[in-house]
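The values are calculated or read from the model by the stated rules, or taken from the named source; none is laboratory data. In this text the structure is predicted, and so the values were computed from the model without any measurement. So basically every Cβ, Gly included, is an ideal-geometry build from the backbone, and we count neighbours across all protein chains shown.
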Amino acid sequence: MSEPQQDFILETRHLTKAFKGFTAVDDVNLQITRGHIHALIGPNGAGKTTVFNLLTKFLQPTSGSIVFNGRDITTETPAAIARLGVIRSFQISAVFPHLSVLENVRIALQRKEGNSFHFWRSDKVLNRLNDRAMELLASVGLADFAQSKTLDLPYGRKRALEIATTLALEPELMLLDEPTQGMGHEDVGMVTDLIKQVSKDRTILMVEHNLHVVSRLADRITVLQRGSILTEGDYATVSADPQVREAYMGTEADAVQEAS
């Protein structure tokens, strides 16, 4: 009896991106299983961010295709990709620093409704969004910070807010770009727990340097090196691969061992 076919929410087929003779992404075939947390890892310059930029259409591939929910989205615009439910959370926190935490989430909810430029309208018009905004803040542990100015939040809480604004757009596939970069140990633990929590009922593709975070979260890992896939598998498989250990020289190789 044949095994049931895997349900892939996103696939890339022979995805390639060249810049003036330099191939940043070289014949990458990704298969992201629906409901999984899938990590994209690799040393600096491996092509991880370029893959993210291709998936969210900030770059056009030189060749190859991208398929989301069975639909070829290779030539779609970034706005069209977002409307389909592919939402990216950026490496640098993408929130309005001088607005309150609640106002940031409310703006994201307006964007989902197609009212991107109505945030100067009266509170009376916008208050109907408050209940949903507060639900989202509670889901990321920020309910008590609703009236705080975003600028005053600790770094880890800013990343939690960014995840809340991403959730406001109702992503089917969340792309997280270095969600724990620059954080202290306590914030890393908080954001890791948060990603695990919000992964229920959705799919996450993440670029992450912290291998301990990857070991805790990822159902499947793709290792990139020089733009190509080096190996794939679960954490135990990937961390035991001698090529991966060689690619992660020094402290990162030690981190692979410690986390395994």
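Some observations on this one:
- Taken over the range 49-77, the criterion of being within 15 Å of the chain's Cα centre (by Cα) and not in a loop (DSSP other than H, G, I, E, B) is satisfied by Thr49, Thr50, Val51, Phe52, Asn53, Leu54, Leu55.
- Selected residue [surrounded by 15 or more Cβ atoms within 10 Å (Cβ to Cβ) and either of a type in the set (Phe, Trp, Tyr) or not assigned by TED's automatic domain parsing to the domain that holds Leu30 (or both)] from Phe58, Phe52: Phe52
- Test result for Leu15, closer than 19 Å to Leu176 by Cα, in the same structural domain as Ser228 (by TED's automatic domain parsing) and out of contact with any Phe, Trp or Tyr (no Cβ under 7 Å at 6 or more places or on another chain): no
- Per the conditions (1) outside any strand (DSSP E or B); (2) crowded, with 22+ Cβ neighbours inside 10 Å; (3) at pLDDT 95 or above, the sole criterion not satisfied by Ala46 is (3).
- Residue match in the range 124-136 (condition: in contact with a strand residue (DSSP E or B) (Cβ under 9 Å, 6 or more places away or on another chain), crowded, with 20+ Cβ neighbours inside 10 Å and either of a type outside the set (A, V, I, L, M) or farther than 24 Å from His212 by Cβ (or both)): no
- The lone exception for Val105 - which of (1) at pLDDT below 90; (2) more than 30 Å from Ser215 (Cβ to Cβ) it fails: (1)
- Unique residue being modelled with pLDDT under 90, among the aliphatic types (A, V, I, L, M) and assigned to a helix (DSSP H, G or I) when the list is Val256, Val191: Val256
- The single condition from (1) assigned to a helix (DSSP H, G or I); (2) in contact with a helix residue (DSSP H, G or I) (Cβ under 7 Å, 6 or more places away or on another chain); (3) modelled with pLDDT of 90 or more that Glu162 fails is (2).
- Cβ-Cβ contacts under 7 Å between residues 6 or more apart (or on different chains), taken from a first residue in the range 225-243 that is in the same structural domain as Gly64 (by TED's automatic domain parsing) to a second residue that is surrounded by 15 or more Cβ atoms within 10 Å (Cβ to Cβ) and among the hydroxyl-bearing types (Ser, Thr, Tyr), are listed as Gly227/Thr23; Ile229/Thr222; Glu232/Thr222; Tyr235/Ser215; Val238/Thr231; Asp241/Thr231; Gln243/Thr231.
- Candidates Arg226, Arg202, Arg216: the one that is among the basic types (Lys, Arg) and crowded, with 18+ Cβ neighbours inside 10 Å is Arg202.
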